[in-house]
Structures are given as C-alpha cells and as structure tokens.
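Bear in mind these aren't lab numbers, they're just calculated from the coordinates by the rules spelled out. Predicted model only: the values in this text are computed from it and were never measured. Note that we place each Cβ from the backbone using ideal geometry, even for glycine, and neighbour counts take in every protein chain shown.
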Amino acid sequence: MPVIVVANPKGGVGKSTLATNIAGCLAAAGRAVMLGDVDRQQSSRQWLDQRARVAPQLPAIMGWDVGGGDIVRPPKTATHVVLDTPAGLHGRRLDAVMKIADRLLIPLQPSLFDIQATHAFVQQLREHRRGQVVKLALVGMRVREHTRANEQLHSYLGTLPLPVVAWLRDTQNYVQLAARGLTLWDVAPSRVERDLEQWAPLSAWVA
C-alpha cells in the first residue's frame with residue numbers, strides 16, 4: 001500500500017494540517033485510508049477522535065491498530081497510509097520512516113527559519129534516499145501573495161532539486177475545520193473553492 005509521509009524537522013510548519021487534509025482527500029475519493037502519527041503528542045489521533053465525535057457520517061479515516069505489547073500497525077483493510085511526523089525528525093527515526101515511505105512531502109512556511117531548517121533536511125533526505133525509490137516534493141504553507149516573504153520563498157525553492165506541488169494560502173479555513181475534525185473535502189465546495197483549486201496538483205501528486 002502507498003505510504004505518504006509528511007515531514008520537516010522544524011515545528012509549526014503545518015505538518016498536521018497537511019497530513020489530515022491529505023487523509024481527507026483520499027477518503028473523499030473512496031480510499032481506505034489510515035492516518036498515523038509518529039509524534040508523541042499524537043495530534044493526529046486527537047484529530048481522529050474529534051472527527052468521530054463530531055461527524056461520524058463522514059468518510060472514514062482509520063487510525064493505527066494496536067496489538068499485543070502495544071505494537072502498532074496499519075489496519076488490514078487500509079489501502080493508503082498517511083504518516084504525520086514530529087519536529088526534530090532525524091537519526092534512527094528518520095531511517096525507519098524512510099524505509100517505509102513511498103512519497104514524502106516537506107511543508108514549509110515563508111520564513112527564514114523554515115528555509116534554513118528545510119535546506120538542511122533536504123540534504124539529509126538526499127543522503128538517506130540513496131538506493132531507495134522515494135518521491136520527494138515540497139509544499140508552501142500559509143502563503144500570502146504579494147509579500148516579500150513569499151517572493152523570497154519562491155526564489156529559494158527554485159534553487160532546490162525538488163518539485164513544489166502546491167502553494168497553500170494563509171486562511172482560517174484550515175484552523176476552523178481542524179478544530180472540528182474536518183477537512184476541505186467535508187464541507188460544501190463553495191465554502192473552500194479557492195483552497196480546493198490550490199490542492200488540485202497536490203491531490204494528483206498524492207494519488
């Protein structure tokens with residue numbers, strides 16, 4: 001089954017936002033998707049619990065199956081796995097994630113700190129990827145058009161040997177939906193029309 005990993009060693013770049021909406025996109029397309037969390041905070045698990053409480057009628061998104069000895073594994077019925085990862089991902093944990101990943105998305109925001117952290121992370125990934133077929137791509141998060149920070153981010157990403165599959169705008173839609181365990185695909189399209197347009201190339205890359 002395809003395993004899609006969302007990773008960046010810097011915290012606060014939008015990893016959970018991206019991971020939950022990828023899962024929602026796949027679920028809306030009829031996939032049997034599992035959303036897993038490699039982070040001790042288990043923010044994705046909390047989001048899944050909220051989704052089950054608030055909107056049980058929506059397309060299902062599964063969590064980890066927990067077996068004996070607290071061993072976790074994807075449910076047998078899952079066809080796609082989306083993994084959210086913690087800040088500071090490196091070393092053995094990064095090795096383990098890279099061994100199972102088919103695709104890896106790196107979100108970052110228009111800030112110097114994000115750019116610096118992402119630059120070092122991309123170098124790490126290129127070393128870890130040797131001998132592995134893992135597709136890598138970047139996603140610009142919380143992008144504000146016509147700002148200097150956005151221009152700097154575009155210029156920087158143009159220097160990296162990775163594709164940028166989406167530029168996602170800075171909007172409260174993601175915050176408000178996440179608080180209810182929802183994604184862009186769980187509400188009327190007219191409410192999030194612009195966001196769905198921005199997701200079109202990313203949805204195609206994930207699929």
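For the range 173-189, the Karplus equation 6.51 cos²θ - 1.76 cosθ + 1.60, evaluated at θ = phi - 60°, returns couplings of 3, 5, 5, 5, 5, 4, 5, 10, x, 10, 10, 4, 8, 9, 10, 4, x Hz by residue, with Gly and Pro reported as x.
Close amide H contacts of V5 (hydrogens built in the peptide plane, cut-off under 5 Å, sequence separation of 5 or more or a different chain): L83, D102, R103, L104, L105. Database remark: amide H of V143 closer than 5 angstrom to the amide H of L168, R169, D170 (H placed geometrically; neighbours at sequence offset of 5 or more, or on other chains; Pro and chain starts carry no H).
Its Cα centre serving as origin, the chain has a Cβ charge dipole (Lys and Arg +1, Asp and Glu -1) of approximately 280 debye.
Simple rule: put +1 on each Lys or Arg Cβ and -1 on each Asp or Glu Cβ in the chain, find the dipole, and look at V6, F121, M98; the Cα lying farthest toward the positive end is M98. Modelled this way, with points 7 Å down the Cα-to-C-beta line, the labels at V175 and A52 are 2.8 nm from one another.
Charged neighbours of P2, selected by a Cβ distance under 11 Å, balance to +2 (K, R count +1; D, E count -1). Note that the range 45-55 has calculated 3J(HN,Hα) couplings of 4, 4, 5, 4, 4, 5, 4, 5, 6, 7, 9 Hz, one per residue in order, obtained from phi through the Karplus relation 6.51 cos²θ - 1.76 cosθ + 1.60 (θ = phi - 60°); glycine and proline are x.
Mean residue ellipticity, 222 nm, helices only, the chain: the sum of -39500 (n - 2.57) across DSSP H runs of n ≥ 4, divided by residue count and rounded to 500, is -12500 deg cm²/dmol. Relative contact order of the chain, taken over Cα pairs closer than 8 Å and 6 or more residues apart, is 28 percent. Between the listed residues W64, P201, L108, the Cα displaced farthest toward the positive end of the dipole of the chain, a dipole computed from Cβ unit charges relative to the Cα centre, is found at W64.
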